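Below: one structure, written as structure tokens.
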Amino acid sequence: MSTQAPAAPKKINLRRPDIMQAVQALVVRHYRSELVERIRSNGGVIDIPEKLTIRLAKEFGFCYGVERAIDLAYAARRFFPPPTRIFLLGEIIHNPEVNDQIREMGIVSLKPKPSDEDLAKLNLTPDDVVLIPAFGTEVATRQKLEASGCHLVDTTCGDVMSVWKRVRQYSKDSVTSIIHGKAWHEETKATSSQARAHGNGHYLVVFTLAETDYVCDYIVNGGNKAEFLEKFKGAYSEGFDPDVHLEAIGVANQTTMLKSETEDLQARLRQAITDRDGSDLALENFSVFDTICGATQERQDALYDMLKAPMDLLLVVGGYNSSNTTHLVEIAEQHLPTFFIRDSSCLKSLEEIVHFDLHAKTEQPGYPSKLTGDGPVTVGITAGASCPNNLIEETILR
């Protein structure tokens, strides 16, 4: 009996004109908004004199990477109609409506990192299809899927793969990747796995500036290794030793992090290496490249620009587990009343908006007093890169 792994099927071109034409018609019907496009072409403002002004950010909603991932998911279903089984690792993007539409097409969601037992139950064959989401997947998971011989449709964002390329280079150079991100996020897990798949590299995931300062102090002054490892438990590579693997570091990041915070983290780590090694050696022992997603940066910049004009409140629309959307909320809430809503159903009335509180990490009622006053009101609206325009339209109409 042969134990040879099945040969991987040949690559399929899902972006053929005939497939994409049909896909685009579906995507437009599900997610686009003529109203939003009209408002954008009119300067991004709706004005009802003496009553209400709605302002849209110059940049919001779907980015190219998200559009590509959705297109490929729709194309996969078009090219592989039922009864072909199509599976998706986790969520295609972090937006509940989009993921509901994917499920309605008969695409079955798996765990982002299915276990050997999970894969054994699926009994994947070369006739099956597995979608890799826009965040990517861990190296080991991909290898297991490839060994099954199933068709892989990889929708990983190009910006994410650029970070992977940088982390792989750090690994080959025996440089430890300091990854600014959320250790529990699918993208950061996928990026971390790249550090261990090539060469002798290690990684450490750092989330906050307070954690950064702790690492910087350890770099300069040393410290309690056991305490360090306990503090960052679950956020570093197997065999990581802070006394050894902080000697030469290279910074990377989850692409959807807050740009200003990533830049601050980079500056603090650079200074720590310089304080320890001096300016000349620091050039060898510290590396950094800008790997913030362009769309994330554009949406953050557009929000800062929007905040220059007076507004009474801001609505941020998107999935509650969307990292880039969360950072828009963090920026805005420092300046004005901000409500993070999933969709228009959260706007219960002029007196109540159900919103996600980032600090309490739960959905709860909010009371926008500005909407119930006598004078005119200016409401701003923005959204993260995973929010479709139809949800913006519904919010405007509501």
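The values are calculated or read from the model by the stated rules, or taken from the named source; none is laboratory data. Just so it is clear, the model here is predicted, and its values are computed rather than measured. Cβ placement follows ideal geometry from the backbone for every residue including glycine, while neighbour counts extend to all protein chains displayed. To get the accessible areas, we keep the full protein, side chains included, count just its heavy atoms, and leave off ligands, DNA and RNA. Shrake-Rupley method; radii C 1.70, N 1.55, O 1.52, S 1.80 Å.
Listing for the model above:
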quantity	calculated
Alpha-carbon centroid distance for the pair the range 212-233 / the range 167-184, whole angstrom	17 Å
Computed FRET value (nearest 0.05) for Arg103 with Glu284, which takes r as the C-beta separation and R₀ as 35 Å	0.10
Fully extended contour minus Cα-Cα distance, from Val354 to Lys165, at 0.36 nm per residue	63.9 nm
Net charge of neighbours whose Cβ lies under 12 Å from the Cβ of Lys225, counting Lys and Arg as +1 and Asp and Glu as -1	-3
Carbon/sulfur fraction of accessible area - the range 227-326, other protein chains in place, 1.4 Å, %	46 percent
Heavy-atom surface of the chain, accessible at 1.4 Å and reported per residue (Å²)	47 Å²
Filter on Lys182/Lys370; Lys58/Lys370; Lys58/Lys144; Lys121/Lys165; Lys113/Lys259; Lys58/Lys113 - keep pairs with C-alpha separation over 31 Å	Lys182/Lys370; Lys58/Lys144; Lys121/Lys165; Lys58/Lys113
Longest to shortest principal axis, alpha-carbon extents of the range 19-102, angstrom	57, 26, 19
Length added when fully stretched, Gln271-Glu50, from 0.36 nm per residue minus Cα-Cα	74.3 nm
Normalised contact order of the chain, rounded percent, pairs of Cα under 8 Å and 6 or more residues apart	19 percent
Kirkwood hydrodynamic radius of the range 95-181, from inverse mean 1/r over distinct Cα pairs, in Å	14.9 Å
Using a Förster distance of 22 Å, the FRET efficiency for Leu35-Lys308 (Cβ separation, nearest 0.05)	0.30
Cα centre as origin, Lys/Arg/Asp/Glu Cβ charges: the chain dipole, Debye	1300 debye
Mean Cβ count within 10 Å, highest first, over the residues of peptides 285-297, 260-272	285-297, 260-272
Packing-based ranking, highest mean first, of 150-158, 50-58 given that Cβ atoms within 10 Å are counted	150-158, 50-58
Percent carbon-and-sulfur accessible area, the range 74-138, ignoring ligands, DNA and RNA, probe 1.4 Å	53 percent
Charged-residue dipole, Cβ positions (Lys, Arg, Asp, Glu), the range 312-398 about Cα centre, Debye nearest 20	120 debye
Computed Rg/Rh of the chain, alpha carbon atoms with Kirkwood Rh	1.01
Max mean-square fluctuation residue, GNM over the chain, Cα-Cα springs under 10 Å, options Ile341, Ile48, Ile107	Ile48
